[in-house]
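Worksheet: the structure to be examined is printed underneath.
Each reported figure results from applying straightforward, stated rules to the coordinates on display, with no laboratory input. All values derive from a computational prediction rather than experimental measurement. All Cβ positions, glycine included, derive from the backbone under ideal geometry; neighbour counts span all protein chains shown.
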Amino acid sequence: MIDLAFIVLLPFAGSLLPFAARRLRRPWCTSAAVIPAALTLLLLIPYVPGILGGKTFVFHQPWLDAAGMSLSLRLDGLSFVFVLLVSGIGLLVTLYAHYYLAAKDPMGRFYVYLLWFMGSMLGVVLSENLLLLFFFWELTSLSSFLLIGYWTHDSDARKGARMALIVTGGGGLALLAGILLLGRMAGSYELSIVLASGDLIRNHTLYPAALVLILLGVFTKSAQFPFHFWLPHAMAAPTPVSAYLHSATMVKAGVFLLARLYPALSGTETWFYTVTLVGLATLLVGAVTALFRHDLKGLLAYSTISHLGLITLLFGLNSSLAVVAAVFHIINHATFKASLFMAAGIIDHETGTRDIRRLGGLWRFMPHTATLAMIAAAAMAGVPLFNGFLSKEMFFDEVLQLNMAAPLRFFVPVAATLAAVFSVAYSLRFIHDVFFNGKPSDLPHYPPHEPPRYMKLPVEILAGVCLLVGLLPGLTVALPLAAAAKASLGGALPSYSLAIWHGFNLPLAMSAIALIGGAWLYVKRRRFFAWNRRLPKPDAGRIFEAATKRIVFAASRFTAFWENASLQSYLAWMLAAALAAAGFQLISLEALHGGVALAPVDEVTAVAALLLMVATLATVVWHRRRLVSLVMLSVVGLMVALAFARFSAPDLALTQLSVEMVTIILLMLSLFFLPRTTPVESSPLRRGRDMALASGAGLLVGGLSFAMLSRPYETISGFFLQKSVPEGGGANVVNVILVDFRGFDTLGEISVLAIAGLAIYAMIEQMKLNVPQTDALNRPWAMDAHPLMLVNLSRVILPLALLISVFIFFRGHNLPGGGFIAGLITAIALILQYIAGGAAWTSKRFRVNFQVLAGLGVAVAGLTGAASFFFHRPFLTSAFGHVRLPALGEFEWASAMAFDLGVYLTVVGATMLILSNLGKLSTGRVSGRKI
Amino acid sequence: MELLYSMVLGGLAAAGVYLLLRGRTFPVVVGLTLLSYAVNLFLFATGRLATGLPAVIGHSETYADPLPQALVLTAIVIGFALTALAVILALAALSASGHDGVDDEKEQP
């Protein structure tokens, strides 16, 4: 059953064919587009006997079980009929579009969009999983957006496409919420399960919410009142698109969903009133409006709305016979409406206008097209012997069977007849005003003539179907209709007969009233047109555009208020929000002190803490004198390093110490360019606000820290402590965690470091900075290129420092040390050379490309990890053994050390990349005096 | 000890936040540094405060929690990269706009 998946995938994959053929001659392009559509129909053939026998084929393909998402597909009678419609009419539309599109229209693009739409629509009707269905549902909205907006130069097309996307896309969001609720109630998103749990769903408290949400999706997609307004605006699309999407397929997706979910959702009062009344309103509004449209396609659009309302109404009736009628009308409407759209397209194509007031008397010029249009229009009007008549009779019969309170019981049949009267009237107008009734007036193309032979072929086929189904329903439509209705009902089929003649009965009388009344209405149309002109007509397009504009305006005002380009404002709001959110948690605590006994304070620690706090305060108080502030900051950093040492974290102390050095060097370098002082700018009020925020943050952090420290805790570190020596081969657990247990994290972190280094390097390359010639006190810089003491000292220190970093590196696995710290020590020793000897002097003697070094480090670490693949182990599995290095004693050699080497190289590379480049920026541009 | 530690943390955070809210780039970078000290110390303290028990196997019976230490170690190094990036951005802003304010020219008082 894998070929079900092919049916859905073929159009998507096949869209490459017309794309590839887009520059070839047009017949090639069309043939390329025909292939995928035809193949989907061929793939369907093996299933025909089973489907007509009432079987359901389900193709199970699990995917994300935890999320309830699968790629399962389902082919039953209902999806079978829809696949026939989608692929069959798709095939005809492809052929039709070949003649319809002008030479300047990009044909390849049109067919690509059309095939995407076809695939999406096939996905909707073949999905077994509701989430998968939703995915394709949204794809139909997107591809229809592309198709409606195909003529991108036309502003109406763009607006219409946008409106259709917003309305159907918005409904799609509601549908998603509804589907999620539905899946929650049924416990699965698989249709087989959902459809079988109808009672469970209907008695669930979430049922009304789910129903309303799903119906929102259905009503927007199927252009039901009051969401119908997008469909007439979508008529700006090329006519083949209207024939395909807006009559036969996409707008049917909504009613398809009604049919699909009928066993799960129908049968309640909420369902009955919502669906029936919305359908009824749509039926009336559509039929009445259609008559007064002067645009051929506009008339057909409102007629489509009206017929979709009729189908919706039928589903709402909670009667199994009504479902049969609804499915039947879906098929009939698709055939006659698609052919009418095509006929309208032919008229437009040959005369250059779609305005009914300018057309007339075309029978003399195109009798063949006129005959075809008459057949389809007769079906639309519900004339006996055409297919529309059969389903309309069933519809009349059903509204007469209504079992409800008195006013509605009479109102619905009367309204249905009234709509049918209008339906006959606009069908007559479509034929009489266009093909008869005088002569055409000032046509853009005169005289009009019949279209190319094969442009009429799709219309002939569809009109033929209308006639055949109308004359011989038992031989043509009976079996697929029964299969589809049975699949939709999810149970036994009611007994019905598809005969043309049921004797003299009320439905027949209603049909007669409709035909006679419609003819009378059309004859007397001048009076009604005058009446219609006086009616206020809200322009949905303008209202929609205005509403969109207002929303966009409000949104940009909102954005402009928050995003006011002030970092201070962003930070203040973010901090305030964080304070409120975290502070609330802190206040909700029963007691700040969690009950764990506190450790005593010793004198040395107390003095150190005092020193730290004083230095912090000094950093802030003197922050306007930047160099002084920086010196104070370095005191804070050193005290933090001591704090790590004090609380049993020697690795952290070493790291903090070395990072502190490079940070201070970095900040000093930046101070070379930046002003040396900070002026007083903020108002006292602003400073007060900032102090309040700062105190809040301080209280919060301090409070949280104390609340945490005074509470008992559990740790997962027992595992690391236990396994460090036997499995990681190292006694320094912190280092083993870094290079082994959590090596993947470290790999990510050194990558970030290397990327930051490269980013900084790139930014410095493009920077143009004015180099100040004097210091803050207006003294020129000292230009002692080789400060004797420093130069000599630094050259002695370099080998020693490198030796120490090697030592720190090797002992890292068992004692405090490791790649990070060793890398920082190396970097500091190198930076000292730069400071002492100058950038030019040093880089001449130390030719290392630091970008390459940083990248090499990441590569070494990554390759070490990947090496474990050769031993069929997961990424970053480490191996270890013992090795004896001369003069350094015995070391445990672990593959993790190669990883640590990568860390080392990255740290050296990135740090040097940052500092040496910033340093270079400041040298060679200063003219100062020599000492 | 825990109370003293928390007070120090609070002081660091308050000082960091105050400087973070200044209108010039250099104090903001200094504030960022102070704040990262506070955050690192806080993360470190999630493993609780131990005295004389470094997580080196064989040195004692019990050990300080090594996991937060490993986390903080990389955080310190990444913190340096972050500070460096902030410094370079400050310099880039200086080179682009000619002043060292954190906000747009028109926002300057």
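Structural remarks
- In this simple spin-label model, placing a label point 7 Å from the Cα along the Cα-to-Cβ direction at both A:Ala606 and A:Phe584 gives a separation of 4.1 nm.
- Paramagnetic reach from A:Ala591 in the range A:688-713 [backbone N under 18 Å; point 7 Å along Cα→Cβ]: A:703-713
- Full-extension gain in nm, A:Val523 to A:Asn403, via 0.36 nm per residue minus C-alpha separation: 39.6 nm
- Estimated 222 nm signal from helices in chain A, with DSSP H stretches of n ≥ 4 weighted -39500 (n - 2.57), rounded to 500: -23000 deg cm²/dmol
- Nearest-0.05 FRET efficiency for A:Leu200 and A:Val414, computed from C-beta distance (R0 56 Å): 0.90
- Counting Cβ atoms of other protein chains within 10 Å of each Cβ in B:39-47 and taking the mean gives 5.
- The packing ranking, built from the mean of other Cβ atoms within 10 Å per residue, places the peptides A:596-604, A:510-518, A:223-231 in the order A:223-231, A:510-518, A:596-604, highest first.
- Net charge dipole, the protein assembly as shown: roughly 3420 debye, given to the nearest 20, about the Cα centre with Cβ charges of +1 for Lys and Arg and -1 for Asp and Glu.
- Highest average packing first - A:368-378, A:177-187, Cβ atoms within 10 Å: A:368-378, A:177-187
- DSSP beta bridges fully contained in chain A are about 95 percent antiparallel.
- Label-point gap, in nm, between A:Val680 and A:Ala512 - each point 7 angstrom along Cα→Cβ: 10.2 nm
- Taking Cβ atoms as reference points and 15 Å as the exclusive limit, the residues near A:Glu398 contribute a net charge of 0, counting Lys and Arg as +1 and Asp and Glu as -1.
- Summary of the geometry: the range A:448-483 and the range A:546-593, compared by the centres of their Cα atoms, lie 62 Å apart.
- Taking 0.36 nm per residue of separation and subtracting the current Cα-Cα distance, fully stretching the chain between A:Val621 and A:Phe558 would add 19.0 nm.
- Other-chain or far-sequence residues with amide H under 5 Å of A:Asp775's (modelled H): A:Trp781
- Modelled FRET efficiency - R0 41 Å, A:Met691 with A:Lys768, Cβ distances, 0.05 increments: 0.65
- In loop segments of the range A:334-437 as defined by DSSP, the trypsin sites (Lys or Arg not before Pro) with at most 14 further C-beta atoms inside 10 Å of their C-beta are A:Arg357.
- Cross-link reach list, lysines versus A:Lys844, counting only Cα pairs under 29 Å and skipping chain neighbours closer than eight places: A:Lys768, A:Lys920, A:Lys930
- Charge dipole (Cα centre; +1 on Lys/Arg Cβ, -1 on Asp/Glu Cβ; no other charges) of the range A:638-742 amounts to roughly 380 debye.
- Summed side-chain charge close to A:Trp363 - residues other than A:Trp363 whose Cβ falls under 13 Å, Lys, Arg +1, Asp, Glu -1: 0
- Farthest positive-ward along chain A dipole, Cα basis, beta-carbon charges - from A:Leu175, A:Ala405, A:Leu92: A:Leu92
- Per-peptide packing, taken as the mean over residues of other Cβ atoms within 10 Å, places A:728-738, A:554-564 in the sequence A:728-738, A:554-564 from highest down.
- Partner chain coverage, peptide A:844-856 - average Cβ within 10 angstrom: 0
- Peptide A:692-699, shielding by other chains (average Cβ, 10 Å cutoff): 6
- The protein assembly as shown: C-alpha gyration tensor shape, a/c 1.5 cut-off, then a/b vs b/c: prolate
- Extension gain for the segment A:Leu699 to A:Leu41, taken as residue separation times 0.36 nm less the Cα-Cα distance, is 229.7 nm to one decimal.
- Label-to-label distance, A:Phe846 versus A:Leu471, with points set 7 angstrom from Cα along the beta-carbon direction: 9.7 nm.
- Helical content of chain B, expressed as a calculated mean residue ellipticity at 222 nm, amounts to -23500 deg cm²/dmol (DSSP H runs of 4 or more residues, -39,500 (n - 2.57) each, divided by residue number, nearest 500).
- Long-range HN-HN contacts of A:Asn732 with modeled amide H, under 5 Å: A:Asn814, A:Leu815, B:Ile57
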